[in-house]
Amino acid sequence: MSLTYEDVIAKYEPVLGLEVHVELNTHSKMFCGCATVFGAEPNTQTCPVCLGMPGALPVVNEKAIESSILIGLALHCSVTPFSRFSRKNYFYPDMPKNFQISQYDEPICVNGYVDVEIETDEGPKQFRVEIERVHMEEDTGKSLHVGGATGRIHGADYSLLDFNRAGIPLVEIVTKIVPGTGKYAPEVAKAYVAELRDILRSLGVSDVRMEQGSLRCDANVSLRLIGAETLGTRSETKNVNSLRSVERAVRGEMIRHAELLNKGARVVQETRHFQEDTGLTRSGRSKEQAEDYRYFPEPDLVPVEPDAEWIEKLRASLPEQPTLRRKRLQEEWSVPDKEMAAMINADALDIVEATVKLGADPTRARGWWLGEISRLANEKDVAIADLAISPADVAEIVSLVSKGELTDQLARQVVEGAISGEGKPAQVMESRGLKVVSDESSLMAAIENAIAAQPETAEKVRNGHIPAAGALIGAVMKETKGQADAARVRELLLAHLGQ
Amino acid sequence: MSTLSRADVANLARLARIEMTDQELEDLSTEMDVILTAVARVQEVATSDVKPTSHPLPLRNVVRADVVTPSLTPEAALSGAPANEEQRFRVPQILGEEA
Amino acid sequence: MIRLSAHEMASALEAGETTSEKLTQEHLDRISSVDADVHAFLYVDTEGALAQARGVDAARKNGEKVGPLAGVPLALKDVMVQKGVPTTAGSKILEGWRPPYDATVVKKLKDAGIVILGKTNMDEFAMGSSTENSAYGPTHNPWDLSRIPGGSGGGSSASLAAFEAPLAIGTDTGGSIRQPAAVTGTVGVKPTYGGVSRYGLIAFSSSLDQAGPCARTVLDAALLHEVIAGHDTHDATSIDAPVPQVVKAARDGNVKGMKIGVVKELNGDGYQAGVRSRFEESLELLAKAGAEIVEVSCPNFEYALAAYYLIAPSECSSNLARFDAMRYGIRVGDENGASAESVMNLTREVGFGREVKRRIILGTYALSSGYYDAYYGSAQKVRTLIMNDFTKAFETADVLVSPTCPTTAFKIGEKANDPLAMYLNDIATIPVNMAGIGGMSVPCGLAPEDGLPVGFQIMAPAMQDQRMYSVGAALEASLLTEWGAPLLSRIPALGGAK
Ligand SMILES: [Zn+2]
């Protein structure tokens, strides 16, 4: 019955289009001075302007314009010499004015691109995703649906509105259509959003937390028969809230479209909603009649005409591009390709770099973050960045190990303790009593005990059978609860047995 | 000039979110005809070489610094609300999802 | 006392001849006795006004420095939000709403110690030229209670003519300050767009709306103008430049050597004979006062009305979308599990009056896809042409003049069912709004045929508002010499009798 992905790509070519909404991390809202703190008590960050009260007027946040220009520049766009806000008119209860101040035919930046690299069957391959426009707009409030199935809009008895989010600055980044990805469309979509996220993060203009909605992706997908010229009808999938979902949503829509087309049915141009649990999309309310947004220039705001000086000042402040940075770090740290990919995939680049900056050896820093710490993060199902261990902690642990004050085994316990909230490494070592036993008399006592307990093994070693020493060393380590430096124990033991 | 049928007016009323009686739709479609004929005169001189004016002033780049200013208290924000609950505006069930 | 000018009242307060509390009480008494007939007020804030008056008296007593109009009462058009005071913009949809904030103009009035008596009646959302479109019933012209006081700010102009207040605030989108001033024999000024903050002015048409002073004398208007004008960071279209020196101009009233341009297109056919004769006489007086009268032509003004009735409805269709029963105002039909959408539809049906709905529908159409270029887009081009006409005319004249309205006040109900006839009232006032420049209406006598006031309109280039005051004051002084007493001294007595 249902098609496999291979069936789909054997017959159809997917065409992508991606619209990403980014919440800027300005202190105040787009058009008023209300704060933008995430998770504040409902309606504590609202005023006449963002509540759309009669008489209130918007005034543009300068930082929002600068962030938008920075984004445009980082995406290789041109900044338009004349740009304007427009009103997009439609009614919705969480939109206070019943129009959204947005940009229509005169956006702030146009015509850029993002290069992304993905793994293909033939090795790494680069795709260029062209950017059509970058424009500014304002976010809506949030609705809480009460009654019926919890939290769902359908069947709810009524809704409760919180306008803290209303008026938070948004930047919308719209790609041109992306043809030619073939079967890699889902991967390209994911890689694009990931790359965009890295760029935005490097610019420092947004928190880019998909799970908090500060980066939201709408994926447009259409199919056409391989070799066909005309584009197929597209669907627009909203509510795609993680990188993994971007990939799943595109793949899922491709299959859904193909099934329809194979049946001779029509793909309806509509908005669909991605469902995290099933990985499928469902149709939004199909509109009996088309919306007509009646855009017109926002009369309450004046045009934006960034002059060359302003643009160049912003251009000069652009940080290193993430791709270039990755190349540089890979070289500086001499990381093999595969491990570099693993580090990027684990989203560990920033944290490893921070650790290295604090003096840690790159290989060791990487080893800890991608090894033990990642393992513990997986167990807890959180991101490494959200664990209670900082780059400074890891740098300290690396340093203690290299100074011989901790063994690798002890260090693992320190890491575990720090993550469990027992405090900084020094505190964990203190409270757990983790310290290398460097007092040689107590080590010698433990060695004597081991020899006394295993006289035959000791004899073998005396007779030159060195590998047998392992059992004795093990016993010493056991007695010292792992707090001895195994190499030193070995030295002392062999010397004691005349080797 | 174009005339507006009753159905056209009904569609406009839908876009503008105004419930209208049949009588109102009827009256309005008649009135719109008269008004539209009068206002369509603008097309006589609105040639392609004339630039449109959206703002009477030549102001540019009017912005405010990104500084937080005091918000209303939630009580003041909600003071005019027809209904509120849990410090939020209570509104009837919302049928459609956002466009 | 209530028949004095605001300036004279301020002098009396300064001299200690009276107190603001007494003066305020006298006006409140006057309102009690005549407003049942005039219906200028939608809300009288007795307690608030007296408290404010006492505050000013105390400040004065303590030797604190107070503004030139401190302690003088004022009537506020109900389109301006005032914290805690019912504000409806003449619409049922906002019935009972008490704003949680002050408009910038209101804040400036309060800071200047001006006592706000209450909120005045107006056409719903300022859409109209007669105040008949108020959801709360019409205002009556104190000159003849069967006639309209103009609109949309009929309540403000009537309150002045009825001596209920010496000062008032109006807003002017297509003539809503000047036309009411003309038909009530008072002074009304629409400052340059951006000269007075729009923050807290309930928007009708954002690119045209402008608040301004209403008074019984040119000097009073100038004094009030200086209180409310100036840059406001809450309004992105506010002009960041010094306020024109209007008080000085009003005091000097000097037109010697000034070139006054008579706009050919704003006269003649369609203008009432008495309006034309009073206008011509005023020109002669100005010439005698030393001005040079020239004729200018603004050929595109004939398209202004059509363009206005596209731009204003378009913007209003969007501005009024916020009245949706969700966050403030009335809510209708919230029962039996009705949806938000149906509650919005029903509330807007019940909450908006006929003219408002007419304009929302017209504006929705003019902006809709496929019609935008033909209607809204074309209207914006006409706007450019009108601005060009003004620019050219101001090359030959320092100010332009015309009658403010084609006719004197008409009867209540006379044009209520003919929107186009009603719209024609604004034919001479609209070009000023389209270009964002300043306009003033000064009383210039009574039309012989009906004994009703006629207004003389003065238009000045953007941010040259002082020129209107020079001409207005000169004309006012010349007419006063002719008449021997202000025009309003001839108004029939009001009060008591129904
Ligand atoms: Zn706000």
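The values are calculated or read from the model by the stated rules, or taken from the named source; none is laboratory data. It should be emphasised that the depicted structure is a prediction, and the values quoted were computed from it without experimental measurement. No Cβ is skipped: glycine too gets one built from the backbone with ideal geometry, and neighbour counts run over all protein chains shown. Heavy atoms of the whole protein, side chains included, go into the accessibility calculation; ligands, DNA and RNA do not. Shrake-Rupley method; radii C 1.70, N 1.55, O 1.52, S 1.80 Å.
Please state the Cα pair-distance histogram of the stretch A:20-74 with 10 angstrom bins from zero: what percent is in each bin? Histogram of Cα-Cα distances, whole percents per bin: 22, 47, 27, 4.
Looking at chain C, the DSSP beta bridges with both ends there are about 65 percent antiparallel. Here the 3J(HN,Hα) profile of the stretch C:100-107, calculated from phi with Karplus coefficients 6.51, -1.76 and 1.60 at θ = phi - 60°, is x, 8, 9, 4, 4, 4, 5, 4 Hz, Gly and Pro shown as x. For the stretch C:87-142, the direction-averaged projected area of the alpha-carbon convex hull comes to 4.8 nm².
Please give the peptides A:25-37, C:82-94, C:6-18, C:36-48 ranked by average Cβ packing (other Cβ atoms within 10 Å per residue), highest first, as a rough proxy for protection.
Averaged packing, sorted descending, gives the order C:82-94, A:25-37, C:36-48, C:6-18.
For the stretch A:440-496, the alpha carbon positions stretch 28, 20, 17 Å along the principal axes, listed from largest to smallest.
Just to be sure I understand the model, the point goes 7 Å from the Cα along the line to the Cβ. What's the resulting residue A:456 to residue C:294 distance in nm? Result: 12.6 nm between the two label points. Close amide-amide hydrogen proximity is noted between residue C:147 and C:141, C:412, each under 5 Å apart and 5 or more residues distant or on a separate chain (H modeled in the peptide plane; Pro and chain starts excluded). When you work out D = kT/(6 pi eta Rh) for chain B at 20 °C and 1.002 mPa s, using the Kirkwood radius from C-alpha pairs as Rh and the Stokes-Einstein form, the result is 110 µm²/s.
Can you order the peptides B:14-24, C:147-157 by their average number of other Cβ atoms within 10 Å per residue, highest first?
C:147-157, B:14-24
Couplings 3J(HN,Hα) for the stretch A:317-332, derived from phi with the Karplus relation 6.51 cos²θ - 1.76 cosθ + 1.60 (θ = phi - 60°), are 8, 5, x, 4, 5, x, 5, 5, 4, 4, 4, 4, 5, 4, 5, 4 Hz, where x marks Gly and Pro.
Within the stretch C:385-435, the ratio Rg/Rh, alpha carbon atoms throughout and Rh by Kirkwood, equals 1.10. All C-alpha pair distances within the stretch A:126-176, sorted into 5 Å bins from zero, spread as 5, 18, 13, 13, 12, 11, 12, 9, 5, 1, 0 percent across the bins.
Shown is the FRET efficiency for residue A:313 and residue C:240, computed with R0 = 22 Å from the Cβ-Cβ distance and rounded to the nearest 0.05: 0.45. Rounded to the nearest whole angstrom, the semi-axes of the ellipsoid equivalent to the stretch B:6-45, taken from the Cα gyration tensor as √(5λ), stand at 23, 11, 6, largest first.
Note down, for the stretch C:158-243, the three equivalent ellipsoid semi-axes (square root of 5 times each alpha carbon gyration tensor eigenvalue), biggest first, whole angstrom. Let's see the in-between values first.
On the way: eigenvalues 100, 39, 19 Å².
Rounded to whole Å, the semi-axes are 22, 14, 10.
The figure for residue C:217 is an accessible area of roughly 40 square angstrom, using a 1.4 Å probe on the protein chains alone.
Roughly how far apart, in whole Å, are the Cα centres of the stretch C:26-96 and the stretch A:152-179? Value for the Cα centre distance between the two parts: 43 Å. Between residue A:82 and residue C:64, how high is the FRET efficiency from 1/(1 + (r/R0)^6) when r is the Cβ-Cβ distance and R₀ = 56 Å? Nearest 0.05. Rounded to the nearest 0.05, the efficiency is 0.70. Bridge orientation summary for the protein assembly as shown: considering DSSP beta bridges with both residues in this region, about 80 percent are antiparallel. Between the stretch C:281-312 and the stretch C:384-402, the C-alpha centres lie 8 angstrom from each other.
Per residue of C:193-200, what is the mean number of Cβ atoms on other protein chains within 10 angstrom of that residue's Cβ?
On the way: counts 3, 5, 0, 0, 1, 3, 7, 6.
Across the residues of C:193-200, the mean count of other-chain Cβ atoms within 10 Å is 3.
When you work out D = kT/(6 pi eta Rh) for the stretch A:96-140 at 10 °C and 1.306 mPa s, using the Kirkwood radius from C-alpha pairs as Rh and the Stokes-Einstein form, the result is 119 µm²/s.
Secondary-structure-derived ellipticity at 222 nm for chain C, considering helices only, amounts to -12000 deg cm²/dmol, per-run term -39500 (n - 2.57) for DSSP H runs with n ≥ 4.
Using the alpha carbons of the stretch A:125-224, what is the convex hull volume per residue in cubic angstrom, as a whole number? Spell out each step's value before the answer.
Values: hull volume 14.5 nm³, N = 100.
So the per-residue Cα hull volume is 145 Å³.
If DNA, RNA and ligands are ignored and the probe is 1.4 Å, what is the ranking of A:340, C:387 by accessible area, most exposed first? Present the calculation step by step, with values, prior to reporting the outcome.
Values: A:340 5, C:387 40 Å².
Ranked list, largest accessible area first: C:387, A:340.
Placing one equal scatterer on every Cα of the protein assembly as shown and applying the Debye formula, the log10 ratio I(q)/I(0) at q = 0.06, 0.08, 0.09, 0.10 Å⁻¹ is -0.58, -0.88, -1.04, -1.20.
Suppose the chain between residue A:438 and residue A:211 were pulled fully straight at 0.36 nm per residue; how much longer would it get relative to their current alpha carbon spacing? Before the final figure, lay out the partial values.
Values: separation 227, 0.36 × 227 = 81.72 nm, distance 4.82 nm.
76.9 nm is the gain from fully extending residue A:438 to residue A:211.
Between residue A:125 and residue A:323, the modelled label-to-label distance comes to 1.6 nm, taking each label 7 Å out from Cα in the direction of the beta carbon. Overall, the ratio between the Cα radius of gyration of the stretch C:282-332 and 2.2 N^0.38 Å, rounded to two decimals, is 2.24.
Placing unit charges on the Cβ atoms only, positive for Lys and Arg and negative for Asp and Glu, gives the stretch A:440-496 a dipole magnitude near 120 debye about its Cα centre.
How many square angstrom of accessible surface are buried between B and A, both sides summed, with a 1.4 Å probe and rounding to 100?
4500 Å²
Spin-label model, residue C:47 to residue A:471: label points 7 Å out along the Cα-to-beta-carbon direction sit 9.8 nm apart. For the Cα trace of the stretch A:320-432, dividing Rg by the Kirkwood Rh returns an Rg/Rh value of 0.97. Any idea which of A:55, A:72, A:8 is furthest toward the positive side of the dipole for chain A, if Lys and Arg beta-carbons carry +1 and Asp and Glu beta-carbons -1? Highest projection toward the positive end goes to A:8.
Residues considered: B:38, B:46, B:83. Largest GNM mean-square fluctuation over chain B, using C-alpha springs under 10 Å, is found at B:83. On a per residue basis, the convex hull of the C-alpha atoms belonging to chain C measures out at 141 Å³.
Return the FRET efficiency for the residue pair residue C:490, residue C:449: r is the Cβ-Cβ distance, R0 is 22 Å, and the value is rounded to the nearest 0.05. It comes to 0.90.
Checked against a 25 Å cut-off, the cross-linked pairs C:108/C:259; C:110/C:357; A:11/A:263; A:97/C:83 give Cα-Cα distances beyond that limit for C:108/C:259; C:110/C:357. Volume per residue for the stretch C:1-130 equals 112 cubic angstrom (convex hull of Cα atoms). What residues from the stretch C:81-106 fall in the zone where the backbone N is under 15 Å from a label point 7 Å along the Cα-to-C-beta line of residue B:59? Within reach of a label on residue B:59, which here means backbone N under 15 Å from a point 7 Å along Cα→Cβ, the stretch C:81-106 contributes C:104-105. When both bridge partners sit in the stretch A:5-310, DSSP labels roughly 95% of those beta bridges antiparallel.
Radius of gyration over Kirkwood radius for the stretch C:360-498, both on Cα atoms: the Rg/Rh ratio is 1.06. Within chain A, the cysteines lacking any other cysteine Cβ closer than 4.7 Å to their own Cβ are A:32, A:34, A:47, A:50, A:217. Accessible surface computed residue by residue for chain C, with neighbouring protein chains in place and a 1.4 Å probe, gives 30 Å² per residue. Here is the list for the stretch A:71-138: GluC sites (Glu not before Pro) lying in DSSP coil, each with at most 12 other C-beta atoms within 10 angstrom of its C-beta, are A:122. Counting Cβ atoms of other protein chains within 10 Å of each Cβ in A:35-42 and taking the mean gives 2.
Need one value for C:84-97: mean number of C-beta atoms belonging to other chains within 10 Å of its residues' C-beta atoms. Write out the running numbers ahead of the final one.
Working: counts 1, 0, 0, 2, 1, 2, 0, 1, 0, 1, 2, 0, 2, 4.
Partner-chain Cβ atoms within 10 Å, mean over residues of C:84-97: 1.
What the phi angles of the stretch C:227-240 give under the Karplus curve with 6.51, -1.76 and 1.60, with θ = phi - 60°, is a coupling list of 6, 8, 7, x, 5, 9, 5, 8, 10, 5, 9, 7, 7, 8 Hz, glycine and proline written as x.
Put simply, the amide H of residue A:109, placed in the peptide plane, has neighbours under 5 Å in A:80, A:134, leaving out anything fewer than 5 places away on its chain.
If I take all pairs of Cα atoms in chain A, what percentage of them are more than 32 Å from each other? Summing the P(r) tail past 32 Å for chain A gives 56 percent. Per the Debye calculation on the stretch A:389-499 with a single equal scatterer at every Cα and no solvent contribution, log₁₀ I(q)/I(0) for q = 0.15, 0.16, 0.21 Å⁻¹ amounts to -0.66, -0.71, -0.98.
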